[in-house]
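First the structure, in the form of structure tokens, and then the observations on it.
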4 protein chains.
Amino acid sequence: MTNSVRGGKRERLAAAAARVLHEQGVEKTTLADIAHAADVPVGNVYYYFKTKDQLVEAAIGEHGRALRGLLDRLDELPEPQRRLKALVRGWVDQREVAARYGCPTGTLASELDKRADGLDQAVGVLMRELLDWMERQFAALGREDARELAVALLSSYQGISLITNTLRDPELMKAEGDRLERWIDALS
Amino acid sequence: MTNSVRGGKRERLAAAAARVLHEQGVEKTTLADIAHAADVPVGNVYYYFKTKDQLVEAAIGEHGRALRGLLDRLDELPEPQRRLKALVRGWVDQREVAARYGCPTGTLASELDKRADGLDQAVGVLMRELLDWMERQFAALGREDARELAVALLSSYQGISLITNTLRDPELMKAEGDRLERWIDALS
Amino acid sequence: MTNSVRGGKRERLAAAAARVLHEQGVEKTTLADIAHAADVPVGNVYYYFKTKDQLVEAAIGEHGRALRGLLDRLDELPEPQRRLKALVRGWVDQREVAARYGCPTGTLASELDKRADGLDQAVGVLMRELLDWMERQFAALGREDARELAVALLSSYQGISLITNTLRDPELMKAEGDRLERWIDALS
Amino acid sequence: MTNSVRGGKRERLAAAAARVLHEQGVEKTTLADIAHAADVPVGNVYYYFKTKDQLVEAAIGEHGRALRGLLDRLDELPEPQRRLKALVRGWVDQREVAARYGCPTGTLASELDKRADGLDQAVGVLMRELLDWMERQFAALGREDARELAVALLSSYQGISLITNTLRDPELMKAEGDRLERWIDALS
DNA sequence: AATGAATGAGTATTCATTCAT
DNA sequence: TATGAATGAATACTCATTCAT
């Protein structure tokens, strides 16, 4: 509650970090950029996050919260296939953003993978959460190769995000999304 | 041959750039890093490349040369399916590198996509070359949806590269490669 | 007063810039020179001035303040001729500095004129201010050719500053100053 | 004659130096700029001029030759007043150049005056030559204050060059030239 | 807690000068 | 004599991090 009195600066910083780091990349983004986006004085950032890396961590956390929120909502759908296809459709709905900035977690992962300081692990955790959820859906469909299918589906999404982004063409993601939906339908 | 005595610094710099930029990322890599890797004095780099961006461009060029060399070799194989599967197998062979640093062009694309200065286009050109080649193979198989299949295949590779890299598990790429080969076989 | 305790770094930097740029010229002066002259850590300069050009601008501003202060004081003299001659006498009083470094604004103008980035305009504004003031004095003397006389007087000063500087002989300015005073007296 | 076989590179370099240093200023001009303007390979410059300063010296020499040529031509005129007015008219004829780049020797002097390495003296020599010539004309008119008048006339020219340049207005020099001609007429 | 200010270790880039041939 | 290549010292500018209040 002190938090709300303070205006939730920590939250604003985390949200701003998630957005700005996605748009500009980790290395290109300065603390001042994030502070400015969160409307927080630069000198004040350090009361909430000791280092830039902690802000990156917070941004990953934001993406994690968003992911878990999404999966919770999907879980309310009655059948695994419906859930998987809704997931795909969600990706397709974001194709304009993907064409401009790529997948938020994917680009973050790509950049952090170059490092070896623990931060690269954090995105891996997210990725595993998503893979696990997918695996459960495919397993529910009776597939023995559920994990492999989960990896294949996530691969397709991450790959098409990158291609959509590089070629600046959102329609590529639309077409691939349709293909993936047909693929899901054909599974059971 | 004077050139070879002097050691072909330009070539060494381009090769070093391709390697180091892949390993460390564009932003994290300093000119000194590249100069050092090429065993060239820092001040001398500018005799060959006026800006860091030109070195990045040269690195992309190196990847392009490698790609064209690979496709030329694949073209010697008699059947489209053999060619496509050989391509996939080549990717799988590089899985240790992918697990450590990701796909060279993919990570480069991901980082450059954040920018809007023409360099982002350069990787796009490479990507299109590869897509065009793939499309020709699928078309030779009599597929009307050749372009879509090309995009799907490249997506899978780019995506599995990222996942393999993030989860630091080369075996993921092995499994996905096997799956893709089976998929290619089933197309005919 | 916190400001005065901290020492008004911005002001010190502007003052140091005005002095050092006059003594060494714009191109020959490094940011470190100015920082050192102002007793400010180099890295701190950028907190106050984002670029070297902004420091040059601040130096021009300092010269402008000095000029306006001088003209305000001259305006207190009762007659136009007295004012003009006091202006000339002020120049002559500075002849040692002129012999060593030239006229502060003149040398700045000369160097900046080579450029075309807006900074060259800034000195022009100063010059016009002085010309306007002179023109008013000549007009008050009933001269129809007031503007032309203003230009002539400023020319003589700028020219003799350059000659005094080049020949390293302050007495040249003394003699020219005397001549100009007689010229002013003869105008009535 | 070896010289002419070589294509007079030394001369071309000196001429290019005179021109480019005038247009860009000493500090802003690189050796490569001059070499390029003279169409001489950069590495070759050092066979003719050991240092950049020697090129500056050569440029001053060029201005000296031009000055002596001009004065020789003026000396053919029958009367001192005609000679002085022709000198002024020559300046006015160059007013477009002056508005763009200032007086060649004046701007050079201004920049070199900041230094204390002998190069500043070289322009002084030129200036004295011109002053001496002017003094002889005024003396021929029977003026006891010939030197003072010489200094005054040169001051006016140098000053109006600077003002014309700073305010980017060639007409200022036209008006001042007319005034100076009237002043010369009124002397004898 | 809050914040403007301070700091110093980088980083890309420039360029006069020298060298090898 | 000629020249492409080499070199390193310098310089403007950035930014994460820390400090003083």
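The values are calculated or read from the model by the stated rules, or taken from the named source; none is laboratory data. Note that the coordinates shown come from a computational prediction; the quantities given were computed from them, not determined experimentally. Cβ atoms come from the backbone with ideal geometry, glycine included; neighbour counts cover every protein chain shown. We work out accessible area using only protein heavy atoms, side chains counted, and drop any ligands, DNA or RNA first. Shrake-Rupley method; radii C 1.70, N 1.55, O 1.52, S 1.80 Å.
Surface calculation, 1.4 Å probe, protein heavy atoms: A:Tyr48 sits at approximately 30 Å² accessible. Buried area at the C:D interface is about 3600 square angstrom, summed over both chains, from accessible surfaces computed with a 1.4 angstrom probe. In segment B:89-106, the residues that give up 20 Å² or more of accessible area when the other protein chains are added, compared with the chain on its own (1.4 Å probe), are B:Arg100. For segment D:28-97, the Cα-based Rg and Dmax, in that order, read 17.1, 50 Å.
For chain B, the relative contact order comes to 23 percent (Cα pairs under 8 Å, sequence separation of at least 6). Enclosing the Cα atoms of segment C:75-147 in their convex hull gives a volume equal to 102 cubic angstrom per residue. Using a simple spin-label model with pseudo-atoms 7 Å out from Cα toward Cβ, B:Asp178 and B:Asp117 lie 4.5 nm apart. Between C:Arg12, C:Arg100, C:Arg115, where does the largest GNM mean-square fluctuation fall for chain C, given springs only between Cα atoms within less than 10 Å? Result: C:Arg115 has the largest fluctuation of those listed. Put a dot 7 Å past the Cα of C:Glu11, heading toward its Cβ, do the same for B:Gln94, and the two dots end up 6.3 nm apart. Taking θ as phi - 60° and the Karplus parameters 6.51, -1.76 and 1.60, the scalar couplings of segment B:13-22 work out to 5, 4, 5, 4, 4, 4, 6, 5, 5, 5 Hz in sequence order, x denoting glycine and proline.
Within the listed set D:Ala140, D:Ala14, D:Ala109, the residue fluctuating most in the Gaussian network model of chain D (springs between alpha-carbon atoms under 10 angstrom) is D:Ala140. For a modelled paramagnetic label at D:Lys52, 7 Å from Cα along Cα-to-Cβ, the residues of segment D:29-46 in reach, with backbone nitrogen under 14 Å, are D:29-35. Take every pair of alpha-carbon atoms less than 8 Å apart whose residues are at least six positions apart; their mean separation over the length of segment D:33-127 yields a relative contact order of 25 percent. For segment B:64-92 versus segment C:36-103, the spacing of their alpha-carbon centroids is 72 Å. Shielding by partners for peptide C:146-152, expressed as the average number of C-beta atoms from other protein chains within 10 Å of each residue's C-beta, is 4.
Applying the Karplus relation 6.51 cos²θ - 1.76 cosθ + 1.60 with θ = phi - 60° to segment B:165-179 yields 3J(HN,Hα) values of 5, 5, 8, 6, 10, x, 5, 4, 6, 4, 4, 5, x, 4, 4 Hz, where x marks Gly and Pro. With every protein chain left in place and a probe of 1.4 Å, what is the accessible surface of D:Val97, to the nearest 10 Å²? My reading of the accessible area for D:Val97 is about 60 Å². Taking only protein heavy atoms and a 1.4 Å probe, the accessible area of chain A is 51% carbon and sulfur. When the pairs B:Lys50/B:Lys114; A:Lys50/C:Lys50; B:Lys9/D:Lys9; B:Lys50/D:Lys114; C:Lys52/D:Lys174 are compared against a 28 Å limit on Cα-Cα distance, B:Lys9/D:Lys9; B:Lys50/D:Lys114; C:Lys52/D:Lys174 fall above it. Between this copy and the others, label points of D:Pro41 are 2.0, 4.9, 6.2 nm apart in ascending order, each placed 7 angstrom from Cα in the Cβ direction.
Placing one equal scatterer on every Cα of the protein assembly as shown and applying the Debye formula, the log10 ratio I(q)/I(0) at q = 0.05 Å⁻¹ is -0.45. Give, as a single signed number, the net charge of other residues whose beta carbon lies under 14 Å from the beta carbon of B:Gly64, with Lys and Arg counted +1 and Asp and Glu -1. Local net charge: -2. The Stokes-Einstein estimate for chain B, based on a Kirkwood radius over Cα pairs and taken at 37 °C with 0.692 mPa s viscosity, is a diffusion coefficient of 186 µm²/s. Shortest first, C:Gly61 label-point distances to identical copies amount to 4.1, 4.6, 4.7 nm, with the label point at 7 Å from Cα along Cα→Cβ. Where chain A is carried onto chain D by rotation, the Cβ closest to that axis, with its residue and distance in Å, is A:Lys28, 16. With Cα atoms as the point set, segment D:94-188 shows a radius of gyration and Dmax of 14.4, 42 Å. Compute the separation of the alpha-carbon centres of segment A:127-161 and segment B:125-188 and state it in Å as a whole number. Taking the Cα centre of each part, segment A:127-161 and segment B:125-188 sit 17 Å apart. Which is farthest toward the positive dipole end of the protein assembly as shown among C:Gln158, A:Gln158, A:Tyr46, measuring Cα position about the Cα centre, with Cβ charges +1 (Lys, Arg) and -1 (Asp, Glu)? Value: A:Tyr46. Selection among D:Leu55, D:Leu84, D:Leu70 by position relative to the dipole of segment D:49-91 gives D:Leu84 as farthest towards the positive end (Cβ unit charges, Cα centre).
To the nearest 20 debye, what is the magnitude of the charge dipole of the protein assembly as shown about its Cα centre, counting +1 on the Cβ of each Lys and Arg and -1 on the Cβ of each Asp and Glu?
The calculated dipole for the protein assembly as shown is roughly 620 debye.
Label-point spacing for D:Glu79 across the identical copies (point 7 Å from Cα in the Cβ direction), in nm and ascending order: 3.7, 10.8, 11.4. Put a plus charge on the Cβ of each Lys and Arg, a minus charge on the Cβ of each Asp and Glu, and nothing anywhere else: the dipole of segment D:2-185 about its Cα centre is then about 460 debye. Solvent exposure of chain C amounts to 46 Å² per residue of accessible area, where only protein heavy atoms count and the probe is 1.4 Å. Mean residue ellipticity at 222 nm, helices only, chain B: -26000 deg cm²/dmol; runs of at least 4 DSSP H residues each add -39,500 (n - 2.57), and the sum is divided by the number of residues.
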